[in-house]
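Where a number appears in this text, it was derived from the coordinates with a stated rule and is not lab data. For clarity, every value in this text was computed on a predicted model and none was experimentally measured. Note that each Cβ is placed from the backbone with ideal geometry, even for glycine, and that neighbours are counted across all protein chains shown.
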Amino acid sequence: MERIYFGVLITVMFFLGACSSDTDITPDGKKHSGGESTSGIDTLYYLALGDSYTIGASVAPQERFPVQLTARLNAVHQDSVFIKGPDIIAKSGWTSSDLLDAAEQAEALNRPYDLVTLLIGVNNQYQRLPFVTFERDLEDLLHFAIEAAAGDTSRLVLVSVPDYAYTPFGQNFGEPAQISSEIEKYNGYLELQAEVYGIPFINVTPMSREGLQNPDLLAEDGLHPSAKMYTGWVNLMFRDAEKALSLQ
């Protein structure tokens, strides 16, 4: 297992075999008790778990959705809170098992977290891994996320798997209709687990299916979301993120 990186995570490969050149930023690793206050402004912490969609393959670090979400929250609530980070555990190409291994080996986390997002599954589908593996891993990942959030499920947000069949890459890889069908299976299970745990399920998949009609929603690699699509995701999850952070 490769060593995990925190903050803005380095990766030299995209899921599905593309390539990237990001920059390492490692957080200080100090633990906190949540809701620290400096000059009347609470410091909150955000952990983003995922794969290439979370690390933002093919976009600049500030354009990744966790970074955009943090910036938006800080801008709107600058008089009351400061969301630090985000801390990111994600790498292009990671399956649910890869993410789980990395999360369990993580040492310098700023836990407990006030917000945790989870987006995983596309590489399980791409690699045609047994679906039961994803079911098992997702349960463990949700338990890890809950533990990272001090046992408070209201701090969690679960994000759907985008549909890469609606990209130039996906159109030339296998059967696009089959890809979409399998992605739906993953998302159906994710949504079911969100209901079981009582956490928000943010469905970004319909927006991902606009990629062929609106090329500006895709990055230059013809596979991953552009900064514009990530902004759309942030719009979808913003209110739920506010609720998770008790900002509403």
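Return Arg72, Arg64 ranked ascending by Cβ neighbour count within 10 Å, so the fewest neighbours appear first.
So the residues, fewest neighbours to most, are Arg72, Arg64.
Counting Lys and Arg as +1 and Asp and Glu as -1, what is the net charge of the other residues whose Cβ lies under 14 Å from the Cβ of Ser154?
-1
If you count the DSSP beta bridges with both ends in region 36-244, what percent of them are antiparallel, to the nearest 5?
Antiparallel bridges: around 20 percent, rounded to the nearest 5.
Find how many whole Å separate the alpha carbon centroid of region 192-239 from the alpha carbon centroid of region 134-173.
If we compute the Cα centre of each part, the gap is 12 Å.
In which sequence would Thr205, Thr117 go, from the one with the fewest C-beta neighbours within 10 Å to the one with the most?
Taking fewest neighbouring Cβ atoms as first place, the list is Thr205, Thr117.
How would region 59-168 be classified by its alpha-carbon gyration tensor: rounded, prolate or oblate, with rounded meaning a/c under 1.5 and the a/b versus b/c comparison settling the rest?
Since a/c reaches 1.5 but b/c is at least a/b, the shape of region 59-168 is classed as oblate.
Could you tally the net charge around Gln171, taking each other residue with its Cβ under 13 Å from the Cβ of Gln171, Lys/Arg +1 and Asp/Glu -1?
The answer is -1.
Test of understanding: ordering Glu139, Glu182 by Cβ neighbours within 10 Å, fewest first, what list do you get?
Glu139, Glu182
Work out how much length Ser154 to Gln171 would gain on full extension: take 0.36 nm times their residue separation and subtract the Cα-Cα distance, in nm to one decimal.
2.3 nm
Under 5 Å between amide H atoms, partner at least 5 residues away or on a different chain: which partners does Gly121 have, H built in plane at 1.01 Å?
The answer is Ser96.
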